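The values are calculated or read from the model by the stated rules, or taken from the named source; none is laboratory data. Source: prediction; values computed, not measured. Here the Cβ is made from the backbone with ideal geometry for all residues, glycine too, and neighbour counts use every protein chain on show.
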Amino acid sequence: MKTNKTIKNSITILILFLTIIGFSQTKSSNTVSLDVFYSKIKSEKNPQIIDARGPEEFALNHINGAVNFNLESKDYDQQIAKLDKTKPVFNYSIGAGRSVWLADDLLKKGFKEAYSLEGGIANWIGNGKPFYANSKSKLTLAEYKKIIAENKDVLVDIGSIYCGACKKVKPVLETIRTQYGANLKIIEIDLEDSPQVIADLKTVKVFPTLILYKDGKIVFKKEGLGDLKNDVDVALAVK
């Protein structure tokens, strides 16, 4: 009996994440911009804000007033039952995958309104909205600006250790680092280590975000990996 139950639970979790992956590829009709998400929250006296990331992510940083819903937990239905169906529910995750799934599931369960934040926590913190962090940022905005000013060419990688797309950037950065050596300064900024500098920059909408500076000026800003290696080569080839 226990084996069958374990298999059933494993299949349920697999289906859940396959669904999440599917949602993350397309924008749901319940996904709203940061401005809409923020204004709706401000209009509520006691907004229901749900962080759909894992508990370890939530412990490091989250939107002020949010509570954590672990979509894999056994008490998921009990967590849902604590919410008021007549009031809006505001969901977010690292990007939009888990929060989109949660918003759609809440609507299926009879909730009046449920929204997912476009760009997730990256968009919220990256545009300077109020948030909680359990530690002080390792890098300050002043230190960031000093690095930009003191180096001719600087490539900045902004992301999160929990972001799947961000992990794909790392081997490309190593290739670039090997090729350019001391001629190109590379800064890697993770949400978990330096959330405040990400907030102070007010330029991040999604993870990863790549910014290339040349003589203190932005040459390009990329949202997502794309063809980073080629873009860097082309930009640095320009005299």
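Once the stretch 78-118 is narrowed to residues that are among the β-branched types (V, I, T) and without any contact (Cβ under 8 Å) to a residue 40 or more places away in the chain, the residue that is surrounded by the fewest Cβ atoms within 10 Å (Cβ to Cβ) is T86.
Residues are listed down the side, and each one gets a yes or a no for (1) within 19 Å of V206 (Cα to Cα); (2) modelled with pLDDT of 95 or more; (3) touching a helix residue (DSSP H, G or I) at 6+ places or on another chain (Cβ under 7 Å):
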residue: A52; (1), (2), (3): yes, yes, yes
residue: L60; (1), (2), (3): yes, yes, no
residue: A66; (1), (2), (3): no, yes, no
residue: Q78; (1), (2), (3): no, no, no
residue: D84; (1), (2), (3): no, yes, no
residue: P130; (1), (2), (3): yes, yes, no
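Report yes if K168 is farther than 30 Å from K42 by Cβ, part of a helix (DSSP H, G or I) and either modelled with pLDDT of 95 or more or out of contact with any helix residue (DSSP H, G or I) (no Cβ under 6 Å at 6 or more places or on another chain) (or both), otherwise no. The answer is yes for K168. Determine whether V169 is closer than 14 Å to L225 by Cα and either of a type in the set (V, I, T) or in contact with a His (Cβ under 7 Å, 6 or more places away or on another chain) (or both). When the stated conditions are applied, V169 passes them.
Please work out if I121 is buried (at least 20 other Cβ atoms within 10 Å of the Cβ), of a type outside the set (D, E) and in a helix (DSSP H, G or I). Against the criterion (buried (at least 20 other Cβ atoms within 10 Å of the Cβ), of a type outside the set (D, E) and in a helix (DSSP H, G or I)), I121 qualifies.
Would you confirm whether or not the stretch 173-185 contains a residue that is touching a residue at least 60 places away in the same chain (Cβ under 8 Å) and touching a Leu at 6+ places or on another chain (Cβ under 8 Å)?
no
Could you grab me the full set of residues in the stretch 136-166 that are among the charged types (D, E, K, R) and either under 15 Å from K202 (Cα atoms) or surrounded by 16 or more Cβ atoms within 10 Å (Cβ to Cβ) (or both)? Correct list: K145, D153, D157.
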